[in-house]
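The values are calculated or read from the model by the stated rules, or taken from the named source; none is laboratory data. These numbers were taken from a predicted model, which means no experiment stands behind them. Every residue, glycine as well, gets a Cβ built from its backbone with ideal geometry; the counts of neighbours run over all protein chains shown. These accessible areas exclude ligands, DNA and RNA; they are computed on the full protein's heavy atoms, side chains included. Shrake-Rupley method; radii C 1.70, N 1.55, O 1.52, S 1.80 Å.
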Amino acid sequence: MTFQSTLNRTSMSVSVRSRPGLCRAAVRFCKAMVSVPVVLLAAFIGMWTCRRVQRVLLAILVLNIPLQIGKQFFFREDERGSLGGFEISLTNIALAGLYIGWLIKLALRVGTDSHRHGRVSRVTIPAALFVVSCVASLLVAHDLFLAACQVWTVIELFCLYVYVANSVVSRDDVLLVVRMLLVGLLIQSCLMLAQAGGLVGELRFYGVKASGTEFAGVNRISGTLGSPNPAAAYLTMVMGVAL
């Protein structure tokens, strides 16, 4: 009996001593399970709000305006000769990353002294109305898919304008945008000169697309802008910045 009671007391003592250890292990496990999502969320916020990441994305965004590196899905042509497809490019990927960082910063500033409600630009209202009219035109579109692809491009350009107009406010950011515009102009100029000299024709390389120099039986260059008319419009605007 004495041995049995001693054994029972020993087992009870071991059980009582082991319970705090199990409790501490359970608490540590719960803390770890809670801390992992918090750390991942902090890393996500830190990555997208990092100034260097934002500047890299902004540089890619501006540089890809003339390069137009991307991939078109579901590309087709209707019976009237209209062309179109849903495009995923470096522009909308970089724009999505910039908007993620911008919205996170706005959310973190809500309720603080640094949060200010800026006035809507005079340009934003007619631009927004133009986007609304484009969306409304889908109701009477002959080919809904091709019209939706075009509206998608208009919305993307409007989002690009809104971001640049509201986020590019420092001197360094403005200089970065101007530098990338000039780098894109230099690349396009070299490519167009090579096309004019017969050194480059059709070009398909990792999303970079350059058309040939033959348009309607006439030798005309376009770089990576798709056709000579958009190329001329691009050169006209960016050369003004360069001058």
- Item | Order by protection proxy (mean Cβ within 10 Å, highest first), peptides 95-102, 219-226 | 219-226, 95-102
- Counting only the heavy atoms of the protein chains, how much of Lys71 is accessible to a 1.4 Å probe, in Å² to the nearest 10? 120 Å²
- Mind ordering 187-197, 166-176, 53-63 by average Cβ neighbours within 10 Å, highest first? 53-63, 187-197, 166-176
- Residue order for Met237, Met180 - accessible surface, 1.4 angstrom probe, largest first: Met237, Met180
- Order by protection proxy (mean Cβ within 10 Å, highest first), peptides 141-150, 126-135: 141-150, 126-135
- Given backbone amide H placed at 1.01 Å from N, residues whose amide H is under 5 Å from that of Ser89, ignoring those fewer than 5 places away on the same chain, are Lys71
